[in-house]
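A.B. asks: I have a structure I would like to understand better, so I am pasting it below and will then ask my questions one at a time.
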Amino acid sequence: MKIISTELPQRHYGLVRAASQVMDFNIWTPQTYPVYDVLDEVKPDIIFIDLKQVNRLIIAALNEYPHVKVVLFGQGVPRDMNPSILVASPTTSPMIRKNIESEDHATLYLRNSANIVDIFNGQYNPDYECDIAYICNVIKPDTYEDQIVKLANLAERYKIKVVGSARIAIPQFLGSITYVATADLYRSASFSLDYYGDQQLDIAANGGFAMPANLTLDEMYSILDDKRDGKKTSKAINALQRSILYSDTCYHRLIEILDTLQLSDISLKAKQKLGDKISCVLE
Amino acid sequence: MRAGIIVDALGVSQLAMTLIGELNQLHKLNEPIDIVVFYHRYDKLLKSPLFAMLQEQEMWGFNVPVMATSLATAKRLISSVKPTKKFFYVWDLEWTFDNHEFSNISSIYCHPDIQLIARSQEHFDIISDCWQEPVAILEDFNYERLVDILR
């Protein structure tokens, strides 16, 4: 079974990684690889495509290959396009939801998921121990100043480690980080800052505690000063970790899509992968 | 007393100028202190050294305290077997201006065999916050303090 995927929104990165584990997977960049060439040469069975990448040529081409299952990620379906599934966000506004439902397309409102393909099974590392860890892979210009101010203030009172591919100009920025070290850092830090709300499931799936960054500094201080309350906190962390591993991993989201596409063989393969993966943590 | 210091090179740099100046002053005391500087890359010297210089690989069989002065030299010091004590004099806060991989440099700064030395109280605070607490503060290779630490 062959699958190709265009670049999808960041929150679906884990889903794409999960698909690459159970199918013959390729990334497709429509700007550099024309749609007809892809369909003729790669011969995909499934295409994951972001609405932003869709144009009239792609719609026409996909209509000529009706056996290819198209999974469209976006908040609506362009005219003349017939995707097998439309994948939308569960936070879609009621008005857009009404529009989507007025058309006759199978729709999945896909929740976020933890990327357990890459960031998984974090182990406690005493060298990574700190009050706050922040993995910064993206800096949006409008939030940069706020991030610097918050991190600089937190660094004055607590032990913090900032890592990631986006450099933050404070001495506590300690370089880029691998996926393995990311999982270990989530596990070893008392709290992990989740600035854009896209890391909380990854943090919890590795036994960490996420702290949303939209809190004020005083609110953060009060949480950090309370700190972890030994057994009680570790019980809560374990419960949260289990709950995510049982229902909110990227494999779960992939299985939802595959079941809707009625691809039971691949869905079974994904379930086996998921079982193998989480059994080591849930033992 | 014998000890070693590893540097990347003794060419034109603040580290080299300071180190050569301080070790030359130490030599003038005529005390039985023998500090060897190991270099990774030979470079043209701006001051004549009054101490021994050897290629870095000689450090492997040197069974006395040895001090690294950069991440690269510290990494090689960690993997050498003979030195009796391994110090890392954090001359520059290298992680703040070079692009390093966190787990890689963490394994150097936090290595159980390595004892960190800071350059100033300000560096001491930052290094303690980010990695492990340095065992001493040594300002600009001050030779009296250097001997105390290496002894």
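The values are calculated or read from the model by the stated rules, or taken from the named source; none is laboratory data. From a predicted model like this one, the values you see are computed outputs, not experimental measurements. With ideal geometry, Cβ positions are generated from the backbone for all residues, glycine too; neighbour counts draw on all protein chains shown. Please note that ligands, DNA and RNA were not included when accessible areas were found on the heavy atoms of the full protein model with its side chains. Shrake-Rupley method; radii C 1.70, N 1.55, O 1.52, S 1.80 Å.
A.B. asks: When the solvent-accessible surface of protein heavy atoms is calculated with a 1.4 angstrom probe, in what order do B:Arg119, A:Arg242 fall, highest first?
C.D. replies: Details: B:Arg119 40, A:Arg242 95 Å².
Highest to lowest solvent-accessible surface, that is A:Arg242, B:Arg119.
A.B. asks: Which FRET efficiency value, to the nearest 0.05, do you get for A:Arg157 and B:Ser120 by plugging their Cβ-Cβ distance into 1/(1 + (r/R0)^6) with R0 = 25 Å? The partial results should precede the final answer.
C.D. replies: Numbers: r = 22 Å, r/R0 = 0.86.
The pair A:Arg157/B:Ser120 has a calculated efficiency of 0.70.
A.B. asks: Write out the trypsin sites (Lys or Arg not before Pro) in segment A:68-125 meeting two conditions: DSSP loop, and at most 13 other Cβ atoms within 10 Å of their Cβ.
C.D. replies: Details: sites: A:Lys69, A:Arg79, A:Arg97, A:Lys98, A:Arg111; in loops: A:Arg79, A:Arg111.
Passing both the DSSP loop test and the Cβ count: A:Arg79.
A.B. asks: Okay, moving on. Can you tell me how much longer the chain between A:Ser243 and A:Thr32 gets when fully stretched, taken as 0.36 nm per residue apart minus their C-alpha distance, in nm with one decimal?
C.D. replies: Details: separation 211, 0.36 × 211 = 75.96 nm, distance 4.11 nm.
Gain in length upon complete extension: 71.8 nm.
A.B. asks: Still on this structure: Volume per residue, Å³, of the convex hull around the alpha-carbon atoms of segment A:126-244? Numbers along the way, then the final one.
C.D. replies: On the way: hull volume 12.1 nm³, N = 119.
For segment A:126-244, the hull spanned by Cα atoms encloses 102 Å³ per residue.
A.B. asks: While we're looking at this one, here's another question. Under a plain spin-label model, where a point goes 7 Å from the Cα along Cα-to-Cβ, how far apart in nm are A:Lys235 and B:Leu54?
C.D. replies: Output for this residue pair reads 6.1 nm.
A.B. asks: Note down the nm distance, to one decimal, between modelled labels 7 Å out along Cα→Cβ at A:Met1 and at B:Arg41.
C.D. replies: About 5.3 nm, to one decimal.
A.B. asks: Can you work out the FRET efficiency for the pair A:Val138 and A:Ser222, with r the C-beta to C-beta distance and R0 = 30 Å, to the nearest 0.05?
C.D. replies: Numbers: r = 28 Å, r/R0 = 0.92.
Using R0 = 30 Å, I get an efficiency of 0.60.
A.B. asks: Amide H to amide H under 5 Å from A:Ser192: which residues, 5+ apart in sequence or cross-chain, H placed 1.01 Å off N in plane?
C.D. replies: Excluding prolines and chain starts, which carry no amide H, the hits are A:Ala133, A:Phe209, A:Ala210, A:Met211.
A.B. asks: Also: Once the other residues with Cβ under 12 Å from the Cβ of A:Met81 are scored (Lys, Arg +1; Asp, Glu -1), what is the net sum?
C.D. replies: Working: positive: A:Arg56, A:Arg79; negative: A:Asp80, A:Glu103.
Spelling it out: positives minus negatives among the neighbours equals 0.
A.B. asks: Turning to a different aspect of this structure: In peptide B:103-111, how many Cβ atoms from other protein chains are near each Cβ within 10 Å, on average?
C.D. replies: Values: counts 14, 5, 2, 11, 2, 0, 2, 5, 1.
Going residue by residue through B:103-111 and averaging, the value is 5.
A.B. asks: Using a 1.4 angstrom probe on the protein heavy atoms only, could you order A:Lys271, A:Lys2, A:Lys150, B:Lys44 from most to least accessible area?
C.D. replies: Numbers: A:Lys271 100, A:Lys2 75, A:Lys150 25, B:Lys44 165 Å².
From most exposed to least exposed: B:Lys44, A:Lys271, A:Lys2, A:Lys150.
A.B. asks: With a 1.4 Å probe on protein heavy atoms only, work out how much accessible surface B and A bury together, total over both chains, in Å² to the nearest 100. It would help to have the intermediate numbers written out before the result.
C.D. replies: Working: alone 7750 and 14360 Å², together 20710 Å².
Chains B and A together bury roughly 1400 Å² of accessible area.
A.B. asks: For the protein assembly as shown, report the accessible area per residue in Å² (1.4 Å probe, heavy atoms, rounded to an integer).
C.D. replies: Details: 20710 Å² over 434 residues.
For the protein assembly as shown, the per-residue accessible area is 48 Å².
A.B. asks: Let me ask you something else. From the phi angles alone, apply the Karplus equation (6.51, -1.76, 1.60; θ = phi - 60°) to segment B:54-67 and give each ³J(HN,Hα) in whole Hz, x where the residue is Gly or Pro.
C.D. replies: Per-residue couplings from phi come out as 9, 5, 4, 5, 5, 4, 4, x, 9, 8, 9, x, 10, 10 Hz.
A.B. asks: What ratio of Cα Rg to 2.2 N^0.38 Å holds for the protein assembly as shown? Please list the in-between numbers first.
C.D. replies: Numbers: Rg = 28.1 Å, N = 434, 2.2 N^0.38 = 22.1 Å.
Compactness ratio reported: 1.27.
A.B. asks: Check A:Phe73: other-chain or 5+ apart residues with amide H under 5 Å from its amide H, H built from backbone geometry?
C.D. replies: A:Ile49, A:Asp50, A:Leu51, A:Val87
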